[in-house]
Amino acid sequence: MSTEASRPLLGVNIDHVATLRQARGVAYPSPLAAALLCEEAGADGITIHLREDRRHIQDADVYAIAEQLTTRLNLEMAATEEMLGIALEVRPYWVCLVPEKREELTTEGGLNVAGQVAWLTPYIDKLAQSGIKVSLFIDPDETQIQAAIDCGAHAIELHTGAYAEFGLAKDKDSEAAELERIRHAVSFAKAQAPELIVNAGHGLTQDNVAAIARIDGIYELNIGHALIADAVFVGLPRAVALMKAAMQQ
Ligand SMILES: CC(=O)[C@@H](O)[C@H](O)COP(=O)(O)O
Ligand SMILES: NCC(=O)COP(=O)(O)O
């Protein structure tokens, strides 16, 4: 059981501030203003996902946020040549490689690292050579974890989507089993590569985050959709504070 002091950091994903803006194609609400407000409220980092279809975060958001952020920028992106070029220009602290399908509503699964080690290894190296740390968004699966280590990733981010969905479905047995799967994945990763940073995210809310935050060895939780949804009612600073408090439960 982790102590309060060892609880994970909070990375706020502000994609859906941009979703609201894109709904009308105007300049507000500003993802940059949201990022700075979240930092001021205690976010330890900011995550933005520059999708190939630009459904929410735009290229200009990435450059503006990278320039003004005082914490760490985690740029989520697909492992494509286009995104590599942007990442090498922007040079965020983190790049997190995620799978993408244009038809998906949101990220559906983890990156299949094991099936593309030969492609990912030099891709990761190009980023690392530019001083960018690379995280891979993967399912809590030993094979994927080992492949991420073999590819030279600095971090993994364990996909907590299944855990969140079982909770929403009130399937308590499956939720508990998935929580155990995530706990085992953290232990396995730390045993295989003690220096590997282990993050987690997707679908986390004030209601389900505590059990994940209590898992020893998790460095940061990246939380977006639910926190932005909370902010619609209570504002961003309070939504950040409430999520941080929920992580300490
Ligand atoms: C990888 C992940 O789970 C999220 O960080 C991702 O950004 C989800 O995509 P949307 O924000 O477009 O739902
Ligand atoms: N990588 C997970 C993330 O950044 C936020 O995911 P969500 O909380 O929007 O589901």
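The values are calculated or read from the model by the stated rules, or taken from the named source; none is laboratory data. Treat the numbers as computed from the prediction; the structure is a model and nothing was measured. Methodologically, a virtual Cβ is constructed for each residue, glycine included, from the backbone with ideal geometry; neighbour enumeration extends over all protein chains shown. Keep in mind that these areas ignore ligands, DNA and RNA; they rest on the heavy atoms of the full protein, side chains included. Shrake-Rupley method; radii C 1.70, N 1.55, O 1.52, S 1.80 Å.
Condition first: assigned to a loop (DSSP other than H, G, I, E, B) and among the aliphatic types (A, V, I, L, M). Now tell me which residues in the range 18-37 satisfy that. Write out each step before concluding.
Applying the first criterion (assigned to a loop (DSSP other than H, G, I, E, B)) to the range 18-37 yields 23-30.
Correct list: ALA23, VAL26, ALA27.
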- Within the range 177-184, can one find any residue that is in contact with a strand residue (DSSP E or B) (Cβ under 7 Å, 6 or more places away or on another chain), buried (at least 17 other Cβ atoms within 10 Å of the Cβ) and touching a residue at least 24 places away in the same chain (Cβ under 8 Å)? yes
- Item | Search result, residues across the range 149-176 that are within 15 Å of ligand 2 (Cβ to nearest atom) and touching a residue at least 40 places away in the same chain (Cβ under 8 Å) | ALA153, ALA155, ILE156, GLU157, LEU158, HIS159, THR160, GLY161, TYR163, ALA164, GLY167
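Is there a residue being closer than 25 Å to ALA162 by Cα, touching a helix residue (DSSP H, G or I) at 6+ places or on another chain (Cβ under 9 Å) and surrounded by 15 or more Cβ atoms within 10 Å (Cβ to Cβ) anywhere in the range 121-133? Spell out how you get there, then give the answer.
Taking the range 121-133 as the starting set, the residues that turn out to be closer than 25 Å to ALA162 by Cα are none.
No, because not a single residue in the range 121-133 is closer than 25 Å to ALA162 by Cα, touching a helix residue (DSSP H, G or I) at 6+ places or on another chain (Cβ under 9 Å) and surrounded by 15 or more Cβ atoms within 10 Å (Cβ to Cβ).
Determine, yes or no, whether LEU168 is of a type in the set (A, V, I, L, M) and more than 21 Å from GLY11 (Cα to Cα). Working first, answer last.
Numbers: of a type in the set (A, V, I, L, M): yes; more than 21 Å from GLY11 (Cα to Cα): yes.
So LEU168 passes the test.
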- Message: Can you report the number of residues in the range 186-219 which are closer than 24 Å to ALA169 by Cα, of a type in the set (A, V, I, L, M) and outside any loop (DSSP other than H, G, I, E, B)?
- Response: 6
- Item | Members of the range 185-208 that are under 27 Å from LEU105 (Cβ atoms) and among the aliphatic types (A, V, I, L, M) | ALA185, VAL198, ALA200, LEU204
- Which one of these does TYR63 not meet: (1) out of contact with any Phe, Trp or Tyr (no Cβ under 7 Å at 6 or more places or on another chain); (2) more than 13 Å from ligand 2 (Cβ to nearest atom); (3) in a loop (DSSP other than H, G, I, E, B); (4) under 24 Å from ASP125 (Cα atoms)? (3)
- Run down GLU104, GLU100 and say which single residue is within 16 Å of ligand 2 (Cβ to nearest atom), under 18 Å from GLY201 (Cβ atoms) and open to solvent by 20 Å² or more (accessible area, probe 1.4 Å). GLU100
- Query: Of ARG55, ARG7, ARG72, ARG24, which residue is over 21 Å from GLY203 (Cβ atoms), in contact (Cβ under 8 Å) with a residue 24 or more places away in the chain, of a type in the set (Lys, Arg) and open to solvent by 10 Å² or more (accessible area, probe 1.4 Å)?
  - Reply: ARG72
- Query: From the residues in the range 148-162 that are open to solvent by less than 10 Å² (accessible area, probe 1.4 Å) and part of a helix (DSSP H, G or I), which one is nearest to ligand 1 (Cβ to nearest atom)?
  - Reply: GLY161
- Message: Being within 12 Å of ligand 2 (Cβ to nearest atom) and either out of contact with any strand residue (DSSP E or B) (no Cβ under 8 Å at 6 or more places or on another chain) or among the polar types (S, T, N, Q) (or both) is the filter here; which residues of the range 19-50 pass it?
- Response: THR19, THR47
- Task: Kindly list, by first and then second residue, each pair from a residue in the range 196-225 that is open to solvent by less than 40 Å² (accessible area, probe 1.4 Å) to a residue that is of a type in the set (D, E, K, R) and in a loop (DSSP other than H, G, I, E, B), limited to pairs with Cβ atoms under 9 Å and residues at least 6 apart or on different chains.
- Result: ALA213/ARG7; ILE218/ARG7; GLU220/ASP44
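Restricting the search to the range 27-46, which residues are in contact (Cβ under 8 Å) with a residue 60 or more places away in the chain and within 16 Å of ligand 1 (Cβ to nearest atom)?
First pass over the range 27-46, keeping only residues in contact (Cβ under 8 Å) with a residue 60 or more places away in the chain: 34, 37-38, 40-45.
Result: ALA34, CYS38, ALA43, ASP44, GLY45.
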- Message: Considering only the range 185-196, I want to know if a residue exists there that is in contact with a His (Cβ under 8 Å, 6 or more places away or on another chain) and away from ligand 2 (no atom under 14 Å from the Cβ).
- Response: yes
